[in-house]
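Reviewing the structure listed below.
The values are calculated or read from the model by the stated rules, or taken from the named source; none is laboratory data. Keep in mind that this is a model prediction, so the values were computed, not measured. With ideal geometry, Cβ positions are generated from the backbone for all residues, glycine too; neighbour counts draw on all protein chains shown. Each accessible area value is taken on the protein alone, full model and side chains, heavy atoms only, with ligands, DNA and RNA left out. Shrake-Rupley method; radii C 1.70, N 1.55, O 1.52, S 1.80 Å.
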Amino acid sequence: MEDSNHTAENGFILLGLSTIPYLQAIFFSLFLSMYVATLVGNTLLIVAVRLNTQLQTPMYFFLSNLAFIDICFSSTVIPQLLVNTLNTEVKISMLACATQMLIGLVLGSMECLLLTVMSFDRYAAICKPLHYNVIMGKKLCICLASGCWTFCIINAFAHVTLIFKLPFCRSHHVNHFSCEMPSFFRIACTDTWLNEIAMYVATVIIVICSFLLTLISYIHIIKTILKIRSTDRRHKVFSTCASHLIVVSLYYTTIMSMYLRPHSAYYPETDKDISLLYTTVTPLLNPIVYSIRNKPVKGTIKRIFTRKIFR
């Protein structure tokens with residue numbers, strides 16, 4: 001226990017992605033570019049929704065929340081990742097590590113729930129168009145968003161508390177570029193079965209249940225679309241949810257592969273690659289995917305840049 005307390009007091013050392021100098025330079029340039037693009041893309045999306053009154057609907061309310069989550073998620077992970085790419089070993093205090101893990105868990109689980117809420121919004125818009133404004137009222141949207149945030153914060157606090165009650169007497173070297181739960185199971189010198197069960201239960205409740213609810217929504221959406229006789233109208237209706245389907249597929253696949261594997265199947269290098277996908281790539285792609293197929297968003301962003309150029 002003395003060793004474990006000593007480790008906790010002195011914090012942890014994050015080993016990062018690579019120790020090869022030229023790869024470190026490439027990674028730094030790549031992730032810095034991705035981070036800037038993520039901030040710009042998601043900020044423009046939020047500004048476009050705020051400026052265009054036509055975009056102030058439930059769908060874009062949740063999309064703005066998603067953009068805000070992506071900005072925060074990237075800002076929690078990528079700055080630390082940039083530091084790690086330039087240094088082979090980066091020391092992080094126990095408090096900073098716990099804070100990063102807490103914020104990451106809150107935002108990661110919140111994105112899952114928000115994608116499910118957005119799929120319900122598409123279901124209401126396509127399958128119940130006459131009752132859409134009644135179903136997706138402002139009060140319900142606020143309640144859904146605040147309820148998701150509350151649940152995710154409570155869930156994250158529970159996991160972080162359990163993780164940092166473990167004795168870390170094997171090593172204080174974490175083979176990862178950020179503080180994520182699976183990495184800490186490997187350096188704990190006690191049985192982590194309680195933590196693993198808690199992680200699997202939370203993943204089933206948040207990820208699997210969210211995925212199933214999203215799947216049910218899209219089964220009803222596809223049934224409704226197939227009943228439309230006009231091919232053009234069918235294509236137009238489906239295009240309103242195609243962007244969401246792309247984001248859902250990418251995000252749920254990576255999250256499930258990270259948190260639903262048995263402890264024996266965790267490999268540091270694989271974990272890093274999967275983690276990179278949902279912490280850096282997905283936040284970058286979200287505003288691009290949602291904007292490319294969206295004429296009102298593209299039009300508003302163009303007007304923003306046009307005004308700046310003329311000024």
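Table for the structure above
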quantity: Any pair with Cβ under 7 angstrom, 6 or more apart, that starts in region 111-134 at a residue that is open to solvent by less than 20 Å² (accessible area, probe 1.4 Å) and ends at one that is aromatic (Phe, Trp, Tyr); calculated: GLU111/TYR251; LEU114/PHE62; LEU115/TYR251; VAL117/PHE62; MET118/PHE62; SER119/TYR218; ASP121/PHE62; ALA124/TYR132
quantity: Residue match in region 127-147 (condition: within 18 Å of the chain's Cα centre (by Cα), assigned to a helix (DSSP H, G or I) and not hydrophobic (A, V, I, L, M, F, W, C)); calculated: yes
quantity: Test: residue in region 73-88 that is within 16 Å of the chain's Cα centre (by Cα) and closer than 30 Å to LYS139 by Cβ; calculated: yes
quantity: Among (1) farther than 28 Å from ALA188 by Cβ; (2) within 15 Å of the chain's Cα centre (by Cα); (3) modelled with pLDDT under 80 - the single one LYS302 does not satisfy; calculated: (2)
quantity: Output for region 66-83, where each listed residue is closer than 26 Å to LEU114 by Cα and open to solvent by 30 Å² or more (accessible area, probe 1.4 Å); calculated: PHE68, ILE71, CYS72, SER75, PRO79, GLN80
quantity: Scan of region 84-106 for residues that are surrounded by 22 or more Cβ atoms within 10 Å (Cβ to Cβ) and touching a Ser or Thr at 6+ places or on another chain (Cβ under 7 Å), ordered by number; calculated: GLY104
quantity: Region 29-38, residues that are more than 13 Å from VAL77 (Cβ to Cβ) and open to solvent by less than 60 Å² (accessible area, probe 1.4 Å); calculated: ALA37
quantity: Subset of region 148-164 (residues that are of a type in the set (Ser, Thr, Tyr) and within 18 Å of the chain's Cα centre (by Cα)); calculated: THR150
quantity: Number of positions in region 187-199 that are open to solvent by less than 60 Å² (accessible area, probe 1.4 Å), assigned to a helix (DSSP H, G or I) and over 17 Å from LEU107 (Cβ atoms); calculated: 3
quantity: Residue list for region 4-28, filter: open to solvent by 40 Å² or more (accessible area, probe 1.4 Å) and either in a helix (DSSP H, G or I) or modelled with pLDDT of 80 or more (or both); calculated: ASN5, HIS6, GLU9, ASN10, PRO21, TYR22, LEU23, ALA25, ILE26, PHE27, PHE28
quantity: The listed residue being assigned to a helix (DSSP H, G or I), surrounded by 17 or more Cβ atoms within 10 Å (Cβ to Cβ) and at pLDDT below 90, out of PHE184, PHE168; calculated: PHE184
quantity: Long-range neighbours under 7 Å by Cβ, at least six apart or interchain, first residue over 13 Å from LEU285 (Cβ atoms) and of a type in the set (Phe, Trp, Tyr) within region 67-78, second in a helix (DSSP H, G or I) and open to solvent by 10 Å² or more (accessible area, probe 1.4 Å); calculated: PHE68/ILE46
quantity: Check on PRO79, modelled with pLDDT under 90, in contact with an Asp or Glu (Cβ under 8 Å, 6 or more places away or on another chain) and in a helix (DSSP H, G or I); calculated: no
